[in-house]
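Enquirer: Once you've had a glance at the structure underneath, I'll fire off some questions.
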Amino acid sequence: MRSADKWRFALNALLHNRLRTGLCLLGISIGVTAVVLLTGLGEGARRYVGAQFQSLGTNLVFIFPGHADTEGAMPGLGGAPNDLSLQDARALQREVRQLKTVVPISLGSETVANRERSKQVYVLGTTPQFIEARGLRLSSGVNLPELDWERGQPVIVLGGELARELFPGGEVAVGNTVRVGDRRVRVIGVMEDRGTQVGLDTGLMGLIPVASAMSMYNESGLFRILVEIGAQTDTDRTVARMREVLMERHGEEDFTCKTQESVAGSLSTIMRVLTLALAGIASVSLAVAGIGIMNVMLVSVSERRSEVGLLRALGAGHAQVRGIFLAEAALISAAGGVIGLAIAIVASLVLRSFYPAFDATPPWWSVLAALGVSTGVGLLFGVMPANKASRLDPVVALRS
Amino acid sequence: MARVIELRGIRRTYKMGDQELHALADLDLDIESGEHVAIMGPSGSGKSTLLNVIGLLDRASSGRYALDGRDVTDLSDEELSEVRQNQIGFVFQSYHLVARLDAVANVELPMVFAGVPKKERRQRAEAALQRVGLGDRMHHKPTEMSGGQAQRVAVARSTIMGPSVLLADEPTGNLDSVSGNRVLDLLQGLHRDGLTLVVVTHDPAVARLADRVIVLKDGRLAREWRGTDVVSLDQLFELDAP
């Protein structure tokens, strides 16, 4: 029997029984859709989280006071960490060459008010480099002035949403005066909205010069030092050098350096494991579909006993009968795989048109795996019925 | 004359619980090339079992069987399939056409398993259907044909590979006399062209056409008539009487 004839014969048999073939296709395609779509969602979530970290800017290192140490001092009992000071930030800038920018940050929560309109927000004392380091942009006005870090100035850059709330109805914010706590400062710029970045709503915040903030909050320590490392430098070595400089100044490691890469990397691993777990759950439905195929093929074999008997009488051997029924199982599962894949791709495109930021395109490996597994499932569960058909006694089969 | 079928000491037993049932018991039978043999006998006499053993659908429990001078007793299953494909044609009482295939495709089936190319298959199948008078029914499905037409398709299919012997099991059993006679004419025609014919039947009118009538009883050869004897035999009718 020629191969083309075998497939044609199998296809003909499948087309003859449309309802049964259709239901089988439905089962397999639902299974494949589930696998492909769920892994697509998982991968999409992973990329989304990755993109969020990317939007922070690359190669950022956060330094904050205190050291996460199991045998660290108990709160209030001596050993209180030294503050990170402006001098520390300066030392880093002076002594570690590979650093692109060093941005001191002082943080406080303050009421910002334009006459009777007021809003409690985070007001950050920092330098003009903050905006670039965090990937932010101004929509109007100018950035904070380049000042000596120890000098303050009564100016503020507002987050976009904050500006709209304090100056509603198209009133121009830049050039006006607002109150921050009990001080009057001039609005010199407004930022574009960039959504929430790691817990900080960039729309609802204000930026003022770092010295102004420290005197306003009456603080000598910084909340964070944000360091941007040059693109072509070795992050680990640079961080080690920074640690050395600070150790020399503090005499102990009472600060923590956290690179953005380490956080993003571990999150990405977690998301990939989650994706695999989702794929595993979805493949249960593929297995169910495979059992469905087996069931349907077994019914088909019993119904076609007399046909099998005839084929044997006409000179078809065991192998040929087996081949025909296997071909039917393979055709159903491969077609179901392709249909399921098409549905999954369309669904992920629809999803993307509704949530452009969330790219749920299935990864190539899940597409290959789904097609491979569905065809494998079809063949696997097709073997038993096909064997049964090929072992029928032709005399008995012809009589039925 | 060459001997097409040579059966020696053929025995076929079935196990029914503790009992052994002898469907065929020590049967010897020779059929010459070009002979037309009818097998008769009451139900359960072993007629169908004999036909299945000759057709290599069933294996004898013991004894030897030579087809066209070749001992086929110990062939493997795949070898038997090949012998069936090339040397044996079957015609069944209930036609056994594949319902989803049209007449041409049904006649093509044996050639499909033999690996004959599609174009040649089609030509040969169409020619065979012309010969059985169904040139205008080529693309009808079995459900769109009468019983007589369906059986003629089956006859065309059984001879398409040019077999050594044609085995027919009650070929007119499901047909009215007019359609039945057309089928019998067809078989007679094939016989005149030199085909060896073995027909199992209850119907004395069918058996009378044969050169030889064999009557089985309890798996043994009970009686045998040859040549002109057959045509005038009234005993045949008595055989079927209860």
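The values are calculated or read from the model by the stated rules, or taken from the named source; none is laboratory data. Bear in mind that the values here come from a model prediction, so they are computed numbers and not experimental data. Cβ atoms come from the backbone with ideal geometry, glycine included; neighbour counts cover every protein chain shown. To get the accessible areas, we keep the full protein, side chains included, count just its heavy atoms, and leave off ligands, DNA and RNA. Shrake-Rupley method; radii C 1.70, N 1.55, O 1.52, S 1.80 Å.
Enquirer: Roughly how far apart, in whole Å, are the Cα centres of segment B:149-214 and segment A:321-378?
Expert: For segment B:149-214 versus segment A:321-378, the Cα centre distance is 53 Å.
Enquirer: Continuing with the same structure: Which value, in debye to the nearest 20, gives the size of the charge dipole of chain A about its Cα centre, when Lys and Arg are +1 and Asp and Glu are -1 at the Cβ?
Expert: 2300 debye
Enquirer: Then there's this: Under a cut-off of 18 Å between alpha-carbon atoms, report the aspartates and glutamates in cross-link reach of A:Lys258, not counting same-chain residues fewer than 8 places apart.
Expert: A:Asp69, A:Asp83, A:Asp88, A:Glu228, A:Asp234, A:Asp236, A:Glu244
Enquirer: Calculate how steeply helix B:77-87 sits against the longest principal axis of the alpha-carbon atoms of chain B, using the helix alpha-carbon long axis, and give the answer as 0 to 90 degrees to the nearest 10.
Expert: Compared with the principal axis, the helix lies near 70 degrees.
Enquirer: Then there's this: In what sequence, largest accessible area first, do A:His16, A:His250 appear using a 1.4 Å probe?
Expert: Ranked list, largest accessible area first: A:His16, A:His250.
Enquirer: Under a crude label model (7 Å from the Cα following the beta-carbon direction), how far is A:Met384 from B:Glu20 in nanometres?
Expert: If labels sit at A:Met384 and B:Glu20, their model points lie 3.7 nm apart.
Enquirer: Normalised by the number of residues in segment A:333-384, what is the relative contact order in percent for Cα pairs under 8 Å and 6+ residues apart?
Expert: Values: 29 pairs, mean separation 27.7, N = 52.
The normalised contact order for segment A:333-384 reaches 53 percent.
Enquirer: Can you tell me which of A:Gly340, A:Gly135, A:Gly378 moves the most in a GNM of chain A? Springs connect C-alpha atoms under 10 Å apart.
Expert: A:Gly135
Enquirer: On a full-extension model of 0.36 nm per residue, what is the gain between A:Ser140 and A:Ser268, subtracting their alpha-carbon distance, rounded to one decimal in nm?
Expert: Value of the extension gain: 42.5 nm.
Enquirer: Using only Cα atoms, find the angle between the long axis of helix B:103-114 and the longest principal axis of chain B, and express it within 0 to 90 degrees, rounded to the nearest 10.
Expert: Tilt relative to chain B: about 70 degrees.
Enquirer: Related question: Per residue of the protein assembly as shown, what 222 nm ellipticity follows from adding -39500 (n - 2.57) for every DSSP H run with n ≥ 4, rounded to the nearest 500?
Expert: After summing the helix terms and dividing by the residues of the protein assembly as shown, the value is -15500 deg cm²/dmol.
Enquirer: Once whole DSSP H runs in chain A are found, which of them have Cα atoms spread over 30 Å or more along the helix axis and a mean Kyte-Doolittle score of at least -0.5?
Expert: A:18-54, A:260-303, A:318-354, A:364-391
Enquirer: Of all beta bridges DSSP finds with both residues in segment B:3-240, what is the antiparallel percent, to the nearest 5?
Expert: Values: 23 of 40 bridges.
If we restrict to bridges inside segment B:3-240, about 60 percent are antiparallel.
Enquirer: For chains A and B, what's the summed buried accessible area, probe 1.4 Å, to the nearest 100 square angstrom?
Expert: The summed interface area works out to 2300 Å².
Enquirer: So, one more: Using only alpha-carbon positions, what ratio does the radius of gyration of chain A give when scaled by 2.2 N^0.38 Å?
Expert: 1.57
Enquirer: Which of A:Tyr48, A:Tyr217, A:Tyr355 moves most in a GNM of chain A, Cα contacts under 10 Å?
Expert: Comparing A:Tyr48, A:Tyr217, A:Tyr355 in a Gaussian network model of chain A, the most mobile one is A:Tyr355.
Enquirer: Here is a follow-up. What does the charge dipole of chain B about its Cα centre add up to, to the nearest 20 debye, if the Cβ of each Lys and Arg holds +1 and the Cβ of each Asp and Glu holds -1?
Expert: 620 debye
Enquirer: Take B:Glu144, project a point 7 Å from its Cα along the Cβ direction, then tell me which residues of segment A:1-35 have their backbone nitrogen under 19 Å from it.
Expert: What the label zone holds, given the 19 Å backbone N cut-off, is A:12-13, A:15-18.
Enquirer: Turning to a different aspect of this structure: May I ask for the angle, rounded to the nearest 10°, between helix B:147-159 and the longest principal axis of chain B, with both axes built from Cα atoms and the value confined to 0 to 90°?
Expert: For helix B:147-159, the angle is close to 80 degrees.
Enquirer: Please state the relative contact order of segment B:3-240 as a whole percent: Cα pairs under 8 Å, 6+ residues apart?
Expert: So the answer I get is 28 percent.
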